[in-house]
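This report refers to the structure that appears directly beneath it.
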Amino acid sequence: MVGSNRNRGVRRTVRYVLAIALLLVMVYPYLYMVLNSFADWTQIDKQLVPTKYSFKSYEWLFTGGETGITRPWLHAFLNSVIVSLASTVLMMIFGVMVAYALSKLNFFGRNAINNFVLFHMFFPAIILLIPTFLIIQRVGLYDSYFGLILPKAVSLWAIFMYTNFFKAVPTVFIEAARLDGASDLKIMYKIMLPMSKSITTVIFLFLLMERWTELLWDMIAVKSDSMLTLNVLISQMFGPYGSYPGPLYAASALLTLPIIIMFIIFGKKFQEGMQFSLK
Amino acid sequence: MDQRNNKMGWLFTSPYLIYSLIFFFGPLIWSFFLSVTDWNLIAPTFNIIGFENFMDALKSPSVHSAFWVTYKFMLIFVPIVTVLAIAVAVLVHGLPRFKSLFLIGFFLPYLSSGVVSSLIVKGLLSYTSPLNVFLRKIGLDIDWLGTPLSALFIVGLILAWKFTGYYALILTSGLASIDKEVYEAAAIDGVTERQRFWRITLPLLYPSLYTTLILAFGVTFGIFTEVYQLTGGGPNNATNTWQMEIFKQAFTNLQAGYASAVALLASVATFISIFIIRKLLEIWGKRNGWV
């Protein structure tokens with residue numbers, strides 16, 4: 001018995017060592033980015049872990065360094081915040097509304113709409129890219145916040161997820177609330193949403209993350225420097241400013257940090273929601 | 001089904017209906033129309049040229065490459081990400097404590113933007129990077145992004161890095177739902193650890209594995225950012241994905257009509273491929289008696 005116990009202990013230690021090693025490999029690229037953003041410019045991309053550090057890269061972002069061109073990165077950061085928050089909030093609101101109707105209201109055409117949502121979700125979206133750009137251009141939304149937000153105001157995935165979860169809420173609750181004279185809006189807001197709190201966190205975080213890191217659409221829908229989102233700005237810095245890797249790392253760290261903070265803040269809720277949603 | 005429900009149902013679904021009218025049906029019809037024109041995105045006039053765009057696209061080497069590159073990425077990305085995700089899931093599932101802490105750690109790469117991960121990889125592979133300095137010391141000078149095969153592998157690896165934690169999360173919940181009694185019964189029968197994995201864990205994991213496989217195959221049809229950032233589709237079209245090809249034709253060469261035709265071909269290829277992959281996965285599962 002003692003032998004098998006020791007065996008188990010060894011096995012457990014091996015497991016932890018393996019898990020930690022694998023985790024370090026997976027997270028190392030992030031560390032590399034952060035360390036390089038603080039690294040002295042002579043050491044960037046030259047060492048796995050830099051030894052000399054400075055704030056020059058971050059300073060450069062503000063001042064434009066010797067080029068004197070102040071890249072509007074702070075502006076781009078704000079644009080990213082505005083666009084991704086607005087998009088995500090709309091996707092959430094519309095997701096809940098549509099899912100409520102599809103799961104709890106028995107109306108003519110419901111099955112047709114339900115099937116269409118599924119079809120739409122699996123439809124290759126790439127085919128819609130050019131005409132969507134043309135529509136935005138024709139209605140005068142090119143190079144504006146609305147052009148960035150509206151095509152991403154509805155998420156089929158959010159509708160799909162919420163529909164599945166609302167189906168699990170017993171109809172008895174809703175009927176009781178209706179007898180008490182509650183409106184559909186109130187039922188949605190006061191019963192359905194609180195009951196799917198954990199999944200709401202997951203959907204919100206996934207949508208926010210995806211919108212925050214969107215490149216293709218944000219690149220197409222916008223032309224002027226003041227409208228760039230941070231992700232697109234970094235992508236552009238890749239080219240002509242590619243000789244300034246330090247500021248690129250600094251800007252990348254600033255792009256990555258907010259989303260990581262969000263996941264840490266909502267970490268526990270996120271895990272609960274994931275476990276719930278994957279059941 | 002009363003009147004009130006009908007009204008509310010349509011009212012509540014109206015945001016989606018309006019959205020799909022403007023951003024689905026509208027673009028879809030427009031796209032079909034564009035594909036039979038020679039419009040160049042800026043000119044005020046255009047001609048209807050029938051199926052010429054499609055004929056040109058079917059003959060174009062870069063469209064051919066876009067078609068095959070998808071499957072090359074599948075061959076690289078899907079096995080790597082699946083094996084890694086299973087490894088991470090099994091490893092983390094077996095830890096008595098800090099399970100969720102580890103899972104969140106492995107999930108972190110999923111939060112990175114493709115632009116950022118490309119930048120990091122570009123740095124790690126730069127001429128002066130420790131890896132390349134070391135390789136030159138032992139006599140290897142590799143142009144990582146300038147060689148077709150290594151460029152394919154690098155993009156595949158970035159994607160695998162990004163998605164492993166996410167898929168592992170899905171797989172761990174699959175592992176968690178496996179009844180412990182099955183393992184206990186197997187232990188009494190003296191099953192070895194290897195048999196345990198192949199005969200019990202994998203079959204019972206199949207439903208969640210199916211989900212992650214479908215997701216992973218889907219990813220390969222939508223690769224854009226990493227390729228745009230690192231190779232621009234090169235070298236010699238070796239990493240030219242559908243999205244890259246369409247983007248190049250539409251917004252660099254301004255061939256809106258031609259690009260629409262390519263996009264339609266891409267959609268057909270995607271649709272049929274995904275359909276076949278789903279069927280094959282189902283057959284595979286059934287033949288092994290996993291479903």
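Data overview
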read-out	value
Under 15 Å, Cβ to Cβ, from residue A:98 - net charge with Lys/Arg +1 and Asp/Glu -1	+2
Counting all C-alpha pairs of chain A, share separated by more than 26 Å (%)	59
The stretch A:191-210-the stretch A:35-54 distance, computed between alpha-carbon centres (Å)	39
Whole-number percent relative contact order across chain A, with pairs defined as alpha carbons under 8 Å at least 6 apart	28
Accessible heavy-atom area order of B:30, A:212, highest first, probe of 1.4 Å	B:30, A:212
Anchor residue A:52: aspartates and glutamates whose Cα lies under 18 Å away (excluding residues fewer than 8 positions away in-chain)	A:40
Normalised contact order of chain B, rounded percent, pairs of Cα under 8 Å and 6 or more residues apart	30
Local net charge near residue A:86, Cβ-Cβ under 11 Å (Lys/Arg +1, Asp/Glu -1)	+2
Unit charges on C-beta of K, R, D, E only; dipole of chain A, Debye	1220
Within straight-line cross-link reach of residue A:223, aspartates and glutamates at Cα separation under 19 Å, skipping those fewer than 8 residues along the same chain	A:143, A:214
Cross-link pairs B:162/B:279; B:72/B:248; A:104/B:162; A:167/B:180; A:269/B:162 - those with Cα-Cα distance over 32 Å	A:104/B:162
26 Å Cα-Cα reach of residue A:56 towards lysines, excluding residues that sit fewer than 8 places from it in its own chain	A:46, B:122
Under-5 Å amide H pairs with residue B:37, H placed in peptide plane, nonlocal only	B:49
Whether chain B is rounded, prolate or oblate, judged on the alpha carbon gyration tensor where a/c under 1.5 counts as rounded	oblate
Helix runs (DSSP H) in chain A reaching 20 Å along axis by Cα, Kyte-Doolittle at least 1.0	A:73-104, A:197-212, A:245-265
Kyte-Doolittle mean at least 0.5 and Cα axial length at least 24 Å: DSSP H helices in chain B	B:61-93, B:148-176, B:202-220, B:256-287
Solvent-accessible surface (1.4 angstrom probe) belonging to residue B:128, in square angstrom, nearest 10	50
Per-residue [θ]222 nm for chain A (sum of -39500 (n - 2.57) over DSSP H runs n ≥ 4, rounded to 500)	-22000 deg cm²/dmol
Volume per residue of the C-alpha convex hull in the protein assembly as shown, rounded to whole Å³	197
In the stretch B:56-108, trypsin sites (Lys or Arg not before Pro) in a DSSP loop with at most 12 other beta-carbon atoms within 10 Å	B:97
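The values are calculated or read from the model by the stated rules, or taken from the named source; none is laboratory data. Small disclaimer: the values here were computed from a predicted structure and weren't measured. Here the Cβ is made from the backbone with ideal geometry for all residues, glycine too, and neighbour counts use every protein chain on show. Note: areas computed on protein heavy atoms with side chains; ligands, DNA, RNA excluded. Shrake-Rupley method; radii C 1.70, N 1.55, O 1.52, S 1.80 Å.
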